[in-house]
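Below: the structure, in structure tokens.
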Amino acid sequence: MRRVFRFWVGLLLGSLLVASCCANDSCDCKDSRADALYFRFRIGADSLTGLDFGRSEVDTIYLLRYPLPLTLPNSGAHDSVALLPADTTRRSNLTGTTFFLNNNGPFALATGRKVNSYEYVILVGDRKRQQFRRYIVNNISLKGKFEGDGCCTCYVNSGKSATVNSATRDSTYTLTEMPGQRPIIELTK
């Protein structure tokens, strides 16, 4: 009986010792947007190429999300969200002309599927005139790993890429984040 008691007390003390070691470490991973793809509409007056948007042309942004693979009968099923720059009544992931697509924003992470499990359509334009430009974001690739010391483990993205298709061009972007810098995909007309 004494042996069993010593065993359980030893196990309890050992567990508390390990737990107290990790309890003193604060784990601030800052990885909630590690897989995020950032986009910005180029605003300006580029009269030579006509690639810049006017502010009124970025009045409303609609995002549509289609689950992959895009096969029948699921090819039409999608989620959608509208981003309004002047929307101050609720938290939005649109700041001026910059927004992001992430695992948990602006769409909810309900199924556990990451941002690369979908194809996205970006519609931008003037909702009053109902004129929109269309961009397709697909072929999203994510590379990352978990790093840690046993008490604190964080996800680190080591690379991401995406293809953006518009009416005028197809571009593939390879994005690698550096400390303090987020690469942004700039969208033009």
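When the residues of region 136-189 are filtered to those that are exposed (fewer than 14 other Cβ atoms within 10 Å of the Cβ) and among the charged types (D, E, K, R), which remaining residue is farthest from ARG33 (Cα to Cα)?
If we take residues in region 136-189 being exposed (fewer than 14 other Cβ atoms within 10 Å of the Cβ) and among the charged types (D, E, K, R), then ARG169 is farthest from ARG33 (Cα to Cα).
Considering every residue within region 114-135, establish whether at least one is exposed (fewer than 15 other Cβ atoms within 10 Å of the Cβ), over 23 Å from SER32 (Cβ atoms), in contact with a Pro (Cβ under 8 Å, 6 or more places away or on another chain) and modelled with pLDDT under 80.
No - not one qualifying residue is present in region 114-135.
What do you reckon, is SER161 without any contact (Cβ under 8 Å) to a residue 24 or more places away in the chain and within 14 Å of the chain's Cα centre (by Cα)?
yes
The values are calculated or read from the model by the stated rules, or taken from the named source; none is laboratory data. Just so it is clear, the structure is predicted and the values come from calculations on it, not from any experiment. Quick reminder, even Gly has a Cβ in these numbers, built from the backbone with ideal geometry, and neighbours come from all protein chains shown.
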